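**Student:** Take a look at this one; I'll ask things after.
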Amino acid sequence: MADFDLIVLGGGPAGYTGAIRAAQLGLNTAIIDKREVLGGTCLNIGCIPSKALLVSSQYVRFAHHEAQHHGLKFDGVQVDLAKLMARKQTVVKQLTQGLEFLMKKNHVTRIRGIGQLVAPGKIVITQPDGSTEEHRGRNVILATGSVPMELPNVTIDRERVVTSDEALSFTDVPAELLVVGAGAIGLELGSVWSRLGSKVTVLEFLPRIAAFLDPDVTQALQKTLEAQGLKFHVETQVTNVALQDKKVLVQAKTKGEQNLEFQADKVLVAVGRKPYLDGAVAKDLGLKLTERGRVAVDQQFRTNLPGLYAIGDIIEGPMLAHKVEEDGIACTELIAGKPGHVNYNVVPNIIYTHPEVACVGLTEEAGKKNGTQIKVGKFPFAANGRALANDESVGFAKIIADRRTDKLLGSQIIGGNASELIAEIVSIMEFGGSAEDLGRTVHAHPTLSEAVKEAGLAVDNLAFSIPPNPRQ
Ligand code: NAI
């Protein structure tokens, strides 16, 4: 048994970031994870491997469909799926090994096994060989993450009816893939397999795909994805999934009560994620949860149990790696007596389709609904020189600002490199800047970022490269 200042239970982005910051602040820290390697869902079966597959599959799409625009012709393009998957795994390995190295260099003790808090400050760890050991932590952080949500009446057999865990590692390209849920996972993995040759159909319960975005953005996204071959059925709820001889039969109901049937080789269920807490805290300790089943914490990440904190996907808030990393940093800073804080109003959210979609802050729809006085500027990538040169003229940048003060309240960008472009908006919002600040800042030419600047100018109808909007 060892005594630590801090034990972190869970080695994903929330846990490993928190553990490193704790060590930097001089806390004797241990991190426990049941996986052989750290990194959690994000590094092992989430953000990173999906990005590796998105890049490889986009090259395939480029070779098949886009190269000819550039005067290039590839004959007989072949995909070695095993090699493509191996590259993805190499990326994952590099990063997870890097984390082990960082833990060592920061003197964080790495313990493998399934941990359970059995009494305040006391953790029992069951190791892979079944043996147990006990450790004490003056402070304990729960950072056990999330797992895919399942649907009633749908058995996930992990072979033909799968979650994102399996859809990142298919060994063959399914001829027909049906995706349930048009959120980030459904759209990203749907894109990957469509580019690699699957016929992809996406069923979405809500009236539009990626419904957290404004309708003009989702319309543009759906149109482009349809042009790439994906099919969508919105306002369609999956009611039953049955394994047949060779195919999977999916039954669904539309909002108008119409019954639909689909057949597919694989079905990917991507209907959200739920907190994963199984056994992490002994039941009799009475850990308090919110109505939505997340761990209840105060503004300093304290649970109702003494010395126990919770961060990441198990507490309220978006289940996004960059949000949970900030939880980890703020929580350990608070434990170390420092003023840790996260600005949850400015958390970007990205879908890594082609084109990418990125958003932050208030949407136009939400602003109009809640009565905020807003003004909106939009600038199309078709009017941006670099986007044309890059053959990435689809999409636009959109800025939402306060009508009276001009303060930047939000942004949505659909277009090439949107995931990188949104960082500028995030920074300006973090400093309380205005649309004019964005519009008057010098942006290098020719860059895609000029479209973002011009969207800032368009808020006051002052964009240079598009005609004035007569309605403003
Ligand atoms: P999600 O909550 O983003 O989307 C799930 C979609 O499924 C929703 O649009 C929902 O209306 C729909 N749905 C639910 N039940 C349905 C039914 N019976 N029939 C048809 N549609 C149904 O969840 P997703 O995509 O699984 O992602 C899970 C979490 O992981 C999210 O918090 C997401 O933000 C995060 N994530 C983030 C990524 C990124 O930052 N690029 C990538 C992947 C995941």
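**Student:** Any idea which residue in segment 258-275 is nearest to the ligand (Cβ to nearest atom), counting only those that are surrounded by fewer than 18 Cβ atoms within 10 Å (Cβ to Cβ) and touching a residue at least 12 places away in the same chain (Cβ under 8 Å)? Before you say what the answer is, go through the steps one by one.
**Tutor:** Going through segment 258-275, the residues surrounded by fewer than 18 Cβ atoms within 10 Å (Cβ to Cβ) turn out to be 258-261, 263, 272, 274.
Now drop any that are not touching a residue at least 12 places away in the same chain (Cβ under 8 Å), which leaves 260-261, 263, 272, 274.
Details: Leu260: 11, Glu261: 14, Gln263: 17, Gly272: 4, Lys274: 9 Å.
Checking each candidate, the answer is Gly272.
**Student:** Here's a follow-up. What helices (runs of 4 or more DSSP H) completely inside segment 17-119 contain at least 1 residues that are more than 22 Å from Ser194 (Cβ to Cβ), under 27 Å from the mean Cα position of the chain (by Cα) and without any contact (Cβ under 8 Å) to a residue 12 or more places away in the chain? Can you show your working first?
**Tutor:** On the way: elements: 40-45, 47-61, 81-105.
The helices (runs of 4 or more DSSP H) meeting that bar are 81-105.
**Student:** Something else: Output the residues belonging to segment 190-209 that are surrounded by 24 or more Cβ atoms within 10 Å (Cβ to Cβ), within 16 Å of the ligand (Cβ to nearest atom) and either part of a helix (DSSP H, G or I) or outside the structural domain of Lys253 (by TED's automatic domain parsing) (or both).
**Tutor:** Gly190, Ser191, Val192
**Student:** I would also like to ask the following. From Leu151, Leu178, grab the single residue that is under 22 Å from Glu235 (Cβ atoms), in contact with a Phe, Trp or Tyr (Cβ under 7 Å, 6 or more places away or on another chain) and touching a residue at least 12 places away in the same chain (Cβ under 8 Å).
**Tutor:** Values: Leu151 fails: in contact with a Phe, Trp or Tyr (Cβ under 7 Å, 6 or more places away or on another chain).
Going through Leu151, Leu178 in turn, the sole match is Leu178.
**Student:** Ok, one more. Given the conditions (1) outside any helix (DSSP H, G or I); (2) crowded, with 17+ Cβ neighbours inside 10 Å; (3) more than 14 Å from the ligand (Cβ to nearest atom), and given that Val217 satisfies all but one, which numbered condition is not satisfied?
**Tutor:** Val217 satisfies every listed condition except (1).
**Student:** Looking at segment 290-306, which of its residues are surrounded by fewer than 15 Cβ atoms within 10 Å (Cβ to Cβ), more than 16 Å from the ligand (Cβ to nearest atom) and not polar (S, T, N, Q)?
**Tutor:** Once the filter is applied, which keeps residues that are surrounded by fewer than 15 Cβ atoms within 10 Å (Cβ to Cβ), more than 16 Å from the ligand (Cβ to nearest atom) and not polar (S, T, N, Q), segment 290-306 yields Glu291, Asp298, Pro306.
**Student:** Hey, another quick one. How about segment 148-170: which of its residues are more than 12 Å from the ligand (Cβ to nearest atom), closer than 19 Å to Ser56 by Cβ and either in contact with a helix residue (DSSP H, G or I) (Cβ under 7 Å, 6 or more places away or on another chain) or at pLDDT below 95 (or both)?
**Tutor:** Within segment 148-170, the first condition is being more than 12 Å from the ligand (Cβ to nearest atom), and the residues that meet it are 155-162, 166, 169-170.
Among the residues that remain, those that are also closer than 19 Å to Ser56 by Cβ are: 166, 169-170.
Answer for segment 148-170, where residues must be more than 12 Å from the ligand (Cβ to nearest atom), closer than 19 Å to Ser56 by Cβ and either in contact with a helix residue (DSSP H, G or I) (Cβ under 7 Å, 6 or more places away or on another chain) or at pLDDT below 95 (or both): just Ser169.
**Student:** Oh, and also: Which number in (1) part of a loop (DSSP other than H, G, I, E, B); (2) surrounded by 15 or more Cβ atoms within 10 Å (Cβ to Cβ) marks the one condition that Asp278 misses?
**Tutor:** The failed condition is (2).
**Student:** While we're here: With Leu243, Leu230 as the choices, which residue is touching a Lys or Arg at 6+ places or on another chain (Cβ under 7 Å) and modelled with pLDDT of 95 or more?
**Tutor:** Numbers: Leu230 fails: touching a Lys or Arg at 6+ places or on another chain (Cβ under 7 Å).
Every option except Leu243 fails the conditions.
**Student:** So which residues in segment 40-86 are away from the ligand (no atom under 16 Å from the Cβ), farther than 22 Å from Gly416 by Cβ and surrounded by 14 or more Cβ atoms within 10 Å (Cβ to Cβ)? Even if it seems obvious, please write down each step before you answer.
**Tutor:** Let us first name the residues in segment 40-86 that are away from the ligand (no atom under 16 Å from the Cβ), namely 56, 59-86.
Next, only the ones that are farther than 22 Å from Gly416 by Cβ stay: 73, 75-86.
Those that are away from the ligand (no atom under 16 Å from the Cβ), farther than 22 Å from Gly416 by Cβ and surrounded by 14 or more Cβ atoms within 10 Å (Cβ to Cβ): Val79, Leu81, Leu84, Met85.
**Student:** Starting from segment 231-245, take each residue that is closer than 22 Å to Ser191 by Cβ and list its partners that are aromatic (Phe, Trp, Tyr) and near the ligand (Cβ under 10 Å from one of its atoms), counting only C-beta distances under 7 angstrom and pairs at least six apart or across chains.
**Tutor:** Close Cβ pairs (under 7 Å, with a partner that is aromatic (Phe, Trp, Tyr) and near the ligand (Cβ under 10 Å from one of its atoms)) amount to Thr236/Phe205.
**Student:** Among the candidates Gly317, Gly337, which residue alone is in the same structural domain as Ala23 (by TED's automatic domain parsing), at pLDDT 95 or above, surrounded by fewer than 21 Cβ atoms within 10 Å (Cβ to Cβ) and away from the ligand (no atom under 14 Å from the Cβ)?
**Tutor:** Sole residue among the options that is in the same structural domain as Ala23 (by TED's automatic domain parsing), at pLDDT 95 or above, surrounded by fewer than 21 Cβ atoms within 10 Å (Cβ to Cβ) and away from the ligand (no atom under 14 Å from the Cβ): Gly337.
**Student:** Taking the options Val250, Val324, name whichever one is within 11 Å of the ligand (Cβ to nearest atom), crowded, with 18+ Cβ neighbours inside 10 Å and assigned to a strand (DSSP E or B).
**Tutor:** Values: Val324 fails: assigned to a strand (DSSP E or B).
Only one candidate passes the filter, namely Val250.
**Student:** Suppose the filter is more than 19 Å from Tyr16 (Cβ to Cβ) and out of contact with any Pro (no Cβ under 7 Å at 6 or more places or on another chain); does Thr332 pass it?
**Tutor:** Details: more than 19 Å from Tyr16 (Cβ to Cβ): no; out of contact with any Pro (no Cβ under 7 Å at 6 or more places or on another chain): yes.
In short, no.
The values are calculated or read from the model by the stated rules, or taken from the named source; none is laboratory data. What you see is a predicted model, and the numbers here were worked out from it, not measured in a lab. Note: ideal-geometry Cβ built from the backbone for every residue, glycine included; neighbour counts use all protein chains shown.
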